[in-house]
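Here the structure is laid out as C-alpha cells; the discussion comes afterwards.
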Amino acid sequence: METGSPENTGTAGDDQAAAEPGWTGLPPGLLHMRRLLLVVWLGLLAVGLGLLLGLLAGPGWAAFALLPLGLIAWGWVMLGRNWRSWRYAERADDLLISRGVLWREETVVPYGRMQLVEVTSGPVERHFGLASVQLHTAAAATDATIPGLDPAEAERLRDRLTELGEARSAGL
Amino acid sequence: MTTPGVDDAVRERRPVAERRLHPVTPLRRAWAPVAVLIGWAVHDPDQAQRHLTRLTTTTLLLALAVLVPAAALYGFLTWWFTHFAVTDSELRIRTGLVFRRTAHIRLERIQAIDITQPLLARVAGVSKLKLDVIGTDKKDELAFLGADEARALRAELLARAAGFAPETAHEVGEAPSRQLLRVPPGVLAVSLVLTGATWGTLAAAVVVPTVLWLATESVWTVLASAVPLLGAAGASSVGRFVAEYDWTVGESPDGLRLDHGLLDRAHETVPPGRVQTVRIVEPLLWRRRGWVRVELDVAGSSNSVLLPVAPREIAESVVARVLPGATVPPRASLSRPPRRAGRCMPVWWRGYGLSVTDAVFAARTGLFRRSLSLVPHAKVQSVRLAQGPWERLWGVADVHLDTGANKTVTARLRDAEEAAELLRGQAERSRTGRKDARPDRWMA
C-alpha cells in the first residue's frame, strides 16, 4: 500500500534517485544474436544471388551480390546503435524503458498498474540464452517489453515486478 | 479485509437462490425465421412466386406443424436452462442447452449496468439488463426480465457492488436520482442539422446514385449504391435523433444515470470512479451557439456518449460531477505547442493544446472540430514519450497517456524538454492521484 522508497535506497536519496534513474543496458547476447542472424541470412542471400547471376547472366552481373554485403555492413552498425539505445531503470514506484535511435520512445509503467508480467523465450532466443520480459497493463497500448535479457535476470525482474506490483496494486 | 469473507463463502457453500428469466424470453428470436423467409422472397421474387403457387394447403400445414413446435421447444429449453443468481460477491449466469456456459461476474468489477428496452420489449413490459465487465468483448446480458424485476436487480447489484452488507442490499432499494439535465428535442434536432456528418452522408446518398445512373443507366447498380448510402444517412441523422431523443442525465449515489431513446429506451448507470477519459467535442458549426458534445470512455463499455448536445457551462458542470475534483481547464489556460511545431504539422499545430491541473491531464486536438480529452491522473496506466527524427530536428516530442479503456490521449508536439518534464511529472502525479482515488466499493 505504501508508496515509499524500497528498502535498498534511503529516503534521503529518493529524490535524487528519481531524478537520476540507475539505467541498466541490455547484455551483449542480444546484439550477438541479431548480428549473427543478419550475417547468416544476408550472407546466404549474397552467395545465392552471386552464384545465380554469375552462372546465368555473366560474371559482371554477379557484382549485384555486393548489395546484400553492403546491407550487412549497414545493418551491423544499425543493430549496434539500436542495441545501445535500449535501457531500463527500476525506480521506486515505476519501471522506465527507453529505446530507439531515430524513433525514440520512453515508457513509464507504474508498478501498481501492472496486470501481468510475462517472460518469453523463443527457440532461437533460448539457444542464445536469452529471454524477454513483457509488462501488461489494462491498456493494450502499453508497449513495455525488455528483450534479450539473461534468463536469470529476466526471472529476477519478473519476481521483483510482481512483488512490487502486489505491494502497490491499485484498481482501475 | 475481503479475503476472510470470500473464504467463508467458499467454505459454507450456502445454496444460492437461482432464478429464471421472464417467460416471454423464448419469443425473443421468434421473428428470425420470418425474417429469413422475407429476405429470401425479396432476394428472388420470381422463384418465390413459383414456389408459393406450388405450395398446397397440406404441405403448408405440415411444415407449420413441424417447424412451430420445434422452434417453440428450442425456445422453451434455452429459457428453461438459463438461470442466474446473485451471491454476496458475484452474479452467476448459467446458460446453454448443448454447450454449457457458466459466468461468474465479480460485483466490484462491474463497470456499468444498463437496462435497455427495445420497442417490442416495451410493449411486452420486459427489459434487458446488460453488464459491462473489463476484458469481455461481448456484454453479458440478462434478456429478458420483467421491467420491475430488472430495476430491482439493478438496484441490488449496485448496492452490493457499492459495498452494502449482503443482508441489507435487498432493502437498500433504488438509490434516489436527481435530474441534472434534459436535452430538449428541438435542440437535439438543430444540433444534428448543424453536424457536418449528416450533410456529408446525405450528399453522398444523392450524388453517388445520380452519377451512377448517368454513367450506367442500370437500375440495379443505382439501387445497390443508394440503399446502403441512404441507410448510412438515415443512421447518422434520424437514427441518432431517435437514439438520443429525450436524453436525461441524473445523479444518484450509485453514479450517473443516463436515460434516452424514442423507440428503444436505454437506462445506463455508470458507477462512480469508473470513467477513464472524458472528451468534450465541439464541431465547427456548433461554436457560435456555444454547444458541445461530451463523450466518455469506461473500461469494457461501448457506450460513449454522456451528453449529445449541451451548452458549454452546463456540460462543464456535468463533467465536474463525472470526474470528482476536476474542473475543465478554460480555453485560455491551454498552452499551444511552440511555433516551430508548425514545421512538423503545418496549420493544424494551432489546434493542439495542453493543460495539466491537479486532477486531470487535458489535451486538445483538431482545428475545426475541436476535441478536448481529459484524463484523471489516477486513471493513467502508462506514460510514453515518442520522438521521431523530424520531430527531434525541431526539438519537439509527443507524450502519450494510455488509459484502462484502451484509449490513448496524446499531447502532440510539445517542446522536447517540456515533454521530458511531463513524462516525469505525469508518472509522479498518477501515483499520488491513485492514492486519493476512491475504492472500488464506493460506499465502503
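Label positions at B:T59 and A:L102, each projected 7 Å from the Cα along the C-beta direction, are separated by 7.0 nm.
Relative to the current alpha-carbon distance between B:V242 and B:R288, full extension at 0.36 nm per residue lengthens the span by 14.1 nm. Think of it as helices only: each DSSP H run of n ≥ 4 in chain B is worth -39500 (n - 2.57), and spread over all residues that comes to -12500 deg cm²/dmol at 222 nm. Could you tell me how many degrees, from 0 to 90 and to the nearest 10, lie between the Cα long axis of helix A:151-167 and the main elongation axis, the longest principal axis, of the Cα atoms of chain A? Computed tilt is about 30 degrees. Here the label points at B:E18 and B:V36, each 7 Å from Cα along the C-beta direction, are separated by 2.9 nm in the simple model. Sorting A:M78, A:M114, A:M33 from the fewest to the most surrounding beta carbons within 10 angstrom yields A:M78, A:M33, A:M114. Counted as membrane-span-like here are DSSP H helices of chain B whose alpha-carbon atoms extend 24 Å or more along the helix's own axis and whose Kyte-Doolittle mean is 1.0 or above; these are B:57-80, B:196-216. For a modelled paramagnetic label at A:E153, 7 Å from Cα along Cα-to-Cβ, the residues of the stretch A:21-50 in reach, with backbone nitrogen under 13 Å, are A:23-32.
Let me spell out the model: positive unit charges on the Cβ of Lys and Arg, negative unit charges on the Cβ of Asp and Glu, origin at the Cα centre of the protein assembly as shown. What dipole size does that give, in debye rounded to 20? Computed about the Cα centre, the dipole is about 1480 debye. The number of Lys pairs in the protein assembly as shown with C-alpha atoms less than 17 Å apart, excluding pairs fewer than 8 positions apart on the same chain, is 6. If R0 is 60 Å, the Cβ-Cβ spacing of A:L55 and B:D148 corresponds to a FRET efficiency of close to 0.10. Computed from the C-beta positions of B:L393 and B:A72, the FRET efficiency with R₀ = 56 Å rounds to 0.20.
Placing dummy labels 7 Å off each Cα toward the beta-carbon, the span from B:R122 to B:L230 is 2.5 nm. Suppose R0 equals 35 Å. What FRET efficiency, 1/(1 + (r/R0)^6) with r the Cβ-Cβ distance, do A:L45 and A:T145 give to the nearest 0.05? Approximately 0.80, to the nearest 0.05.
Taking the Cβ of each residue in B:S317, B:S225 as the centre, tally the other Cβ atoms inside 10 Å and list the residues starting with the fewest. Present the calculation step by step, with values, prior to reporting the outcome.
Numbers: B:S317 14, B:S225 17.
With the sparsest Cβ surroundings first, the list reads B:S317, B:S225.
By other beta-carbon atoms within 10 Å, ranking B:S430, A:S85, B:S191 with the fewest at the front produces A:S85, B:S191, B:S430.
Ellipticity at 222 nm from helices only: DSSP H runs of n ≥ 4 in chain A, each -39500 (n - 2.57), divided by the residue count, give -14500 deg cm²/dmol. Rounded to the nearest 20, the size of the Cβ-charge dipole of chain A about its Cα centre is 980 debye, with Lys and Arg at +1 and Asp and Glu at -1. Volume per residue of the convex hull around the Cα atoms, evaluated for chain B, comes out as 205 Å³.
Read the figures in this text as sums done on the coordinates, not as results from a lab. Since we're looking at a predicted model, the values are computed, not measured. With ideal geometry, Cβ positions are generated from the backbone for all residues, glycine too; neighbour counts draw on all protein chains shown.
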